[in-house]
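The values are calculated or read from the model by the stated rules, or taken from the named source; none is laboratory data. Keep in mind it's a predicted model, so treat the numbers as computed, not measured. Every residue, glycine among them, receives a Cβ derived from its backbone with ideal geometry; neighbour counts consider all protein chains shown.
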Amino acid sequence: MPAADLVQLLLFVGLVAAAAVPVGSYLHRVYGAERTFLHPALGWLERAVYRFAGVDSSGEMTWVAYAGSVLIFSFACFVGLFVLLRIQGMLPLNPAHVSGMSSVLAFNTAIAFVTNTDWQAYAGESGASYLTQMLGLTWQNFVSAGVGLSVAVAFARGLTRKGRKGIGNFWVDLTRSCLYVLLPFAFVLAVVLASQGVVQNLGPWTHVTTLEGARQTIAQGPVASQEAIKELGTNGGGFFNANSAHPFENPTPLTNFLEAFAILLLPAGLTHLFGKMAGDVRQGRVLLAAMLVLFVIGLGVVYGSERAGNPNLTRAGADLTASIGRPGGNMEGKEVRFGIAGSAIFVNSTTAASCGAVDAAHDSLTPLAGGMAMLNIVLGEIVFGGVGSGLYGMLVFAIIAVFIAGLMVGRTPEYLGKKIGPVEMKLAMFALLALEAGVLVIAGIGAVYGPALASVANAGPHGLSEILYAASSAVGNNGSAFAGLAADTPFWDIGLGIGMLVGRFLFIIPVLAIAGSMASKKTTPPTSGTFPTNGALFVGLLVGVIVIVGALTFFPVFALGPVLEHALMLAGGTF
Amino acid sequence: MWMFADIVAVAGAGAFLCLCAAYVHLAERMVSDR
């Protein structure tokens, strides 16, 4: 491994781990209604939002009211965005004369951005006007991430409060998420990205004549402002079709590093927030440690597989070793300016978190690296995961881990001093089963239904991977595309749209129900029969449960997809 | 121009909202019957 790659990988993992404490401490102040350094500048705006919306900021909600608010708000956002996408051709700020989307594409796209998936069955620059990008998509980038943050904080309150009915106020949590967390972080990142060359303008596209005399159209627009929240909010919807591989979105190795770091920043910080809310920061460290273990394993697989490259090329006489001026390994589908290490960091970050931004063609990854990216998604998007959704997904696994530990050693299942009962376990399993059934049902139909198969570009196990990746990406609310699948067809637009809804809301509802159930419980002091959840043993148990429950569910289909493709590649097969 | 497919799309999302409301109701009963 080149030393520069090793330094880059270690620096990235180290910075993510180090950022958890300061970011989590700041988040704790925000959601604890404490005064932050931004209150002098933004406090008046927060109060104005409450006055305008008629929100009683001191009022608490039961979990039912909280869930109802999430659902109503999301439905209203869907309708607004759907209408905007349909009529964008008649609205201003449309210098490229982009026409309105078709009904099924608008259905798919509106759901994608409301559910924080940001799956794009359209080409960013030619499918959405500037007005749509700013008023529709960037707005959704903020509020859908805000919904995820709010639900995570409500879940954490439910687990850590004692004998209470309320789990917070959704409207207050959403407002604070956007005003004190997402907006300032995104503003700073957007300015940094613009300083590195990410474009930000409202001008029409530039038409130029190349040195060869050909005419070329250079698309541009308000990119930096969308790029920042795209990463920080783990949204992932690119301004351009090439997403973060486009030099106007991600021009330098530094921006690549910062964008990948931004993807994991808030999910890492949320673990420390949880520890502080639990009154024991070690509880948060355990979650962070489990995430880091799984992340480093994934990063190692992706990097190692890409560094090794395709043996068929070696057999054909190509030299895949790295040297000065030559990256070596598998560079197909990668940007030369990012190389293998930068691309591996981005691939693993964007799939471990439910971001979905891409700086390389995932379809061109080696089978094991592509399989690892898919595995990150189907684990439930809990390896850092989405903003908020990563924390509440990991906490669902923590509840299951505690229960399994209780079954194995005869100890009382308790988490944070509260007994885990049959109701919480059923709700936790409902949440996980919604994800896993959603992925497998959509992928299963896609693998046998003729019109769905017509969209698949490759034969054999690689074709199955393309189908499985699309279903996983939608239900996991990731949004990245493997490529090789023509997604803008009625089957995929509607099927993946439904999958995104299932993955988002049929997970959030049981999570909030668990929060409501746990909030009303009283804590009991730890006894010799209590399984400690703040030490290294629980990290191992949690990782084991995630791998067993999450990964083995998908082992058969992975065996037929990326694993088989890897074996055939070693035997000289291509697809 | 509004098309039948637009109405179906919004109604479909609305139907999913109703499904979620029913899910919330069932989960509420599970929690309160504990």
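A count restricted to segment A:123-143 and to residues that are closer than 26 Å to A:Ala486 by Cβ, in a helix (DSSP H, G or I) and not acidic (Asp, Glu) stands at 9. Restricting segment B:20-34 to residues that are surrounded by 14 or more Cβ atoms within 10 Å (Cβ to Cβ) and of a type outside the set (Val, Ile, Thr), the residue that is farthest from the other protein chains (Cβ to nearest Cβ) is B:Ala21. Scan segment A:89-98 and tell me whether some residue there is away from every other protein chain (no Cβ under 14 Å) and at positive phi. So far as segment A:89-98 goes, yes, one or more of its residues are away from every other protein chain (no Cβ under 14 Å) and at positive phi. If the condition is being over 28 Å from A:Gly410 (Cβ atoms) and polar (S, T, N, Q), then segment A:489-541 contributes only A:Thr489. Scanning segment A:403-430 for residues that are among the small types (Gly, Ala, Ser), assigned to a helix (DSSP H, G or I) and at pLDDT below 95 yields A:Ala405, A:Gly406. State which residue pairs qualify: first residue within 26 Å of A:Ala278 (Cα to Cα) and inside segment A:529-555, second residue surrounded by fewer than 18 Cβ atoms within 10 Å (Cβ to Cβ) and among the polar types (S, T, N, Q) in any location, beta carbons under 7 Å apart, and separation of 6 or more residues or different chains. Filtered contacts from segment A:529-555: A:Gly529/A:Thr412; A:Thr530/A:Thr412.
Every condition in (1) β-branched (Val, Ile, Thr); (2) closer than 27 Å to A:Met500 by Cβ; (3) more than 25 Å from the chain's Cα centre (by Cα) holds for A:Val208 except the one numbered (2). Considering segment A:459-498, the residues that are in a helix (DSSP H, G or I) and under 15 Å from the mean Cα position of the chain (by Cα) include one that is farthest from the other protein chains (Cβ to nearest Cβ), namely A:Tyr469. Just a yes or no: is a residue in segment A:428-445 among the β-branched types (Val, Ile, Thr) and closer than 24 Å to A:Thr234 by Cβ? Yes, there is a match, as at least one residue in segment A:428-445 is among the β-branched types (Val, Ile, Thr) and closer than 24 Å to A:Thr234 by Cβ. Residues satisfying the criterion are absent from segment A:27-40 (criterion: within 14 Å of chain B (Cβ to nearest Cβ), under 30 Å from A:Thr132 (Cβ atoms) and either hydroxyl-bearing (Ser, Thr, Tyr) or outside any helix (DSSP H, G or I) (or both)). For segment A:487-495, the criterion of a residue being among the hydrophobic types (A, V, I, L, M, F, W, C), within 26 Å of A:Ala67 (Cα to Cα) and surrounded by fewer than 24 Cβ atoms within 10 Å (Cβ to Cβ) is satisfied by at least one position. Answer with yes or no whether A:Ala361 is under 25 Å from A:Asp5 (Cα atoms) and crowded, with 22+ Cβ neighbours inside 10 Å. When the stated conditions are applied, A:Ala361 does not pass them.
When segment A:151-176 is limited to residues that are in contact with a Ser or Thr (Cβ under 6 Å, 6 or more places away or on another chain) and not in a loop (DSSP other than H, G, I, E, B), the one that is nearest to A:Phe240 (Cα to Cα) turns out to be A:Leu174. Does segment A:196-211 include one or more residues that are buried (at least 22 other Cβ atoms within 10 Å of the Cβ) and farther than 30 Å from A:Asp488 by Cα? Checking segment A:196-211: not a single residue is buried (at least 22 other Cβ atoms within 10 Å of the Cβ) and farther than 30 Å from A:Asp488 by Cα.
Condition first: away from every other protein chain (no Cβ under 14 Å), out of contact with any Leu (no Cβ under 7 Å at 6 or more places or on another chain) and crowded, with 22+ Cβ neighbours inside 10 Å. Can you find one or more residues in segment A:99-111 that meet it?
Step one: list which residues in segment A:99-111 are away from every other protein chain (no Cβ under 14 Å), which gives none.
Scanning segment A:99-111 turns up no residue that is away from every other protein chain (no Cβ under 14 Å), out of contact with any Leu (no Cβ under 7 Å at 6 or more places or on another chain) and crowded, with 22+ Cβ neighbours inside 10 Å.
Within segment A:48-86, can you find the residues that are within 14 Å of chain B (Cβ to nearest Cβ) and surrounded by fewer than 15 Cβ atoms within 10 Å (Cβ to Cβ)?
Answer for segment A:48-86, where residues must be within 14 Å of chain B (Cβ to nearest Cβ) and surrounded by fewer than 15 Cβ atoms within 10 Å (Cβ to Cβ): A:Ile72, A:Ala76.
Across segment A:499-528, the number of residues qualifying as part of a loop (DSSP other than H, G, I, E, B) and either surrounded by 24 or more Cβ atoms within 10 Å (Cβ to Cβ) or within 9 Å of chain B (Cβ to nearest Cβ) (or both) comes to 1.
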